[in-house]
Amino acid sequence: MSDQLPLPAAIEGLYGVFSGYPLADHVEGCTHCVFDRDHGLIHSAPLRQLSARALERYTEKAMSTWGNSDDFRHFLPRIFELQAKNTWEPTFVQIAFGKLTYAGWDSWPDIEREAVRKYFMSLWIDVLDTRDFDGDETKSEAESYLSGFSCAGEALGAYLSVWQHGEHRYGRAHFAATIDWFSESLHESGRLAGGFWELQPSAELRAWLNSE
């Protein structure tokens, strides 16, 4: 992984690549679920200064009832930056990253998909290197981020390989917690129970967790 970008550089890459998508004067939304105050929040500050509060409702509603793929690509760098800063609860990552699938990002230009994937891997390594897991929590952030990558339609092989073979400060602790989190459901049904794993492909992760 010698060519791996540090996380701040990967985030800057997102801002650069998606800078061609300006904020519309009015982002069209369903009038029954997107209100004036919601529109006001996404226009309340320059993109890099928008708070998690300002973007939370937009992220939840993006493209389903609010805006289109181009609108989402405008906000994507800030949404993903806030996610990397752990500003939101870890479970919010599945919603944020899952919007890529909704936006049809597999048909985006190569440079855009490449920037997102560089960010994903940089974020993943940052989680394993810097997100302490002391065992007092019941669930590892690593599991949540893997679930987020899966919600984006990403194959997990590269992330699992980095986890298994890399030397990361908290990698083993996150791995132990993830094994513990899934142990009961794997033993009883061979499935990954809980959260978004029941709604998305999990065969790759199940096989990896069951391997020697």
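The values are calculated or read from the model by the stated rules, or taken from the named source; none is laboratory data. Keep in mind it's a predicted model, so treat the numbers as computed, not measured. All Cβ positions, even for glycine, are placed from backbone atoms using ideal geometry, and neighbour counts span all protein chains on display. With ligands, DNA and RNA removed, areas are computed over all heavy atoms of the protein, side chains included. Shrake-Rupley method; radii C 1.70, N 1.55, O 1.52, S 1.80 Å.
Counting pairwise Cα distances across segment 64-174, what percent come out greater than 19 angstrom? Beyond 19 Å sits 44 percent of the P(r) for segment 64-174.
Rg and Dmax of the chain, based on Cα coordinates, read 17.7, 55 Å. In loop segments of segment 41-97 as defined by DSSP, the trypsin sites (Lys or Arg not before Pro) with at most 15 further C-beta atoms inside 10 Å of their C-beta are K85. To the nearest 10 degrees, how steeply does helix 52-61 sit against the main Cα axis of the chain, on a 0 to 90 scale? With rounding to tens, the tilt is 90 degrees. Proximity of backbone amide H atoms, modeled 1.01 Å from N, is registered between G29 and G67 at under 5 Å, excluding neighbours fewer than 5 places apart on the same chain. Going by alpha carbons, how many degrees (0 to 90, nearest 10) lie between the helix axis of 141-151 and the longest principal axis of the chain? Approximately 60 degrees, to the nearest 10. Here segment 107-156 and segment 1-39 have alpha carbon centers that stand 18 Å from each other. Rounded to the nearest 10 degrees, the angle from helix 69-84 to the longest Cα principal axis of the chain is 50 degrees. Under 21 Å of direct C-alpha separation, and excluding same-chain neighbours fewer than eight residues apart, K61 reaches these lysines: K99. GNM remark for the chain: springs join alpha carbons under 10 Å apart, and the peak mean-square fluctuation among A177, A62, A158 falls on A158. The label point for D106 and the one for E212, both projected 7 Å from the Cα toward the Cβ, are 3.4 nm apart. Across the chain, the relative contact order, built from alpha-carbon pairs under 8 Å that are at least six residues apart, equals 21 percent. Protein heavy-atom surface of the chain, 1.4 angstrom probe: 50% of the accessible area is carbon and sulfur, with nucleic acids and ligands not counted. Taking each DSSP H run with n ≥ 4 as -39500 (n - 2.57) and averaging over every residue of the chain yields -18000 deg cm²/dmol at 222 nm. Normalising by residue count, segment 1-86 has a Cα convex hull of 101 Å³ per residue.
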